[in-house]
Every structure is written in C-alpha cells, then in structure tokens.
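Down below is the structure, laid out as structure tokens.
Quick note: the coordinates plus some simple rules give every number you see, no bench work behind them. What you see is a predicted model, and the numbers here were worked out from it, not measured in a lab. In this analysis, Cβ positions are derived from the backbone assuming ideal geometry, glycine residues included, and neighbour counts consider all displayed protein chains.
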Amino acid sequence: MAERSAVGKMYGDFAPKLAELTDDVLFGDVWERPGLAKRDRSLATISALIALNRTEQLPFHVRRGLDNGVARDEMIELITHLAFYCGWPNAMSALRVVKEEFEKR
C-alpha cells in the first residue's frame, strides 16, 4: 500500500474520495502533464491562490514552488506584480505567508 499523502492523512478517513482525487487526478495527473513545467505550474497556482486570497492553501504551494525551482526573489517579484492586478490586500496577505515560509527554510 502506498504511503498516504498529507491530504490522505488529514481527510482520507473523512472524505476518502476527495483525498483520492487530490492524489490521483490533481497531483498524479494534472501536475504531471508535460505541457507545463512544474516550476511554471507552481507560478500559475501561486498566482491564482494570491488573486483569490486563498492564503490557507498558499504555504503548501509556496514550499512546492521552492522545491520546483521558483526562486525566492521571483516569488517576491510575483507578489509585487500581482498587487496591481489582484489588489494590495491580497498581495500583502500573501507576502506575510511567503515570508513565514521563507523563515522556516
């Protein structure tokens, strides 16, 4: 049996189908498609989360982005750029989360 993902550990007993779809479809298929590099998928995902002010999911994707080759300076520049398109409050909220994740590394 494969080791359970973070989603599987947190919600697998409560919402097994959603955990399965997250692991198998989202991260097993969508993130593995060859049309975009994982680095680019990380930038797109982080941008979407910032624009939608989804700071709860942002820490995971910031760590994943760093692991996928997105540089710290690029993330800061991304947030600065997005402030003009998705709003200053969203950018400032994201900046707090990103800073915390950088400090953990």
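Go through region 1-71 and name the GluC sites (Glu not before Pro) that are in a DSSP coil and have 16 or fewer other Cβ atoms within 10 Å of their Cβ.
Taking region 1-71 and a limit of 16 other Cβ atoms within 10 Å, the loop GluC sites (Glu not before Pro) found are E3, E56.
Run the helix sum for the chain: -39,500 (n - 2.57) per DSSP H stretch of 4+ residues, divided by residue count, reported at 222 nm to the nearest 500 deg cm²/dmol.
-20000 deg cm²/dmol
How far apart, in nm, are the 7 Å Cα→Cβ label points at L36 and A15?
So the two model labels end up 2.2 nm from each other.
Out of (1) 1.00; (2) 1.12; (3) 0.97, which label holds the value of Rg/Rh (Cα atoms, Kirkwood Rh) that was computed here?
The value matching this structure is (1).
Please give the helix 72-86 orientation as an angle from the longest Cα principal axis of the chain, in degrees from 0 to 90, rounded to the nearest 10.
Tilt of helix 72-86: around 80 degrees.
Please name whichever of T22, T55, G12 sits farthest to the positive end of the charge dipole of region 1-61, dipole taken about the Cα centre and charges placed at Cβ: Lys and Arg +1, Asp and Glu -1.
T55
Taking 0.36 nm per residue of sequence separation and subtracting the Cα-Cα distance, how much length would be gained by fully extending the chain between A44 and D24, in nm to one decimal?
My answer for the length gained is 5.2 nm.
Along Cα→Cβ, 7 Å out, is where each label goes; now give me the distance between the ones at R105 and D73 in nm to one decimal.
1.4
Calculate how steeply helix 88-104 sits against the longest principal axis of the alpha-carbon atoms of the chain, using the helix alpha-carbon long axis, and give the answer as 0 to 90 degrees to the nearest 10.
60
Lysines within cross-link reach of K17: Cα-Cα under 27 Å, excluding same-chain residues under 8 positions apart?
Once the sequence-local lysines are set aside, what remains near K17 is K9, K38.
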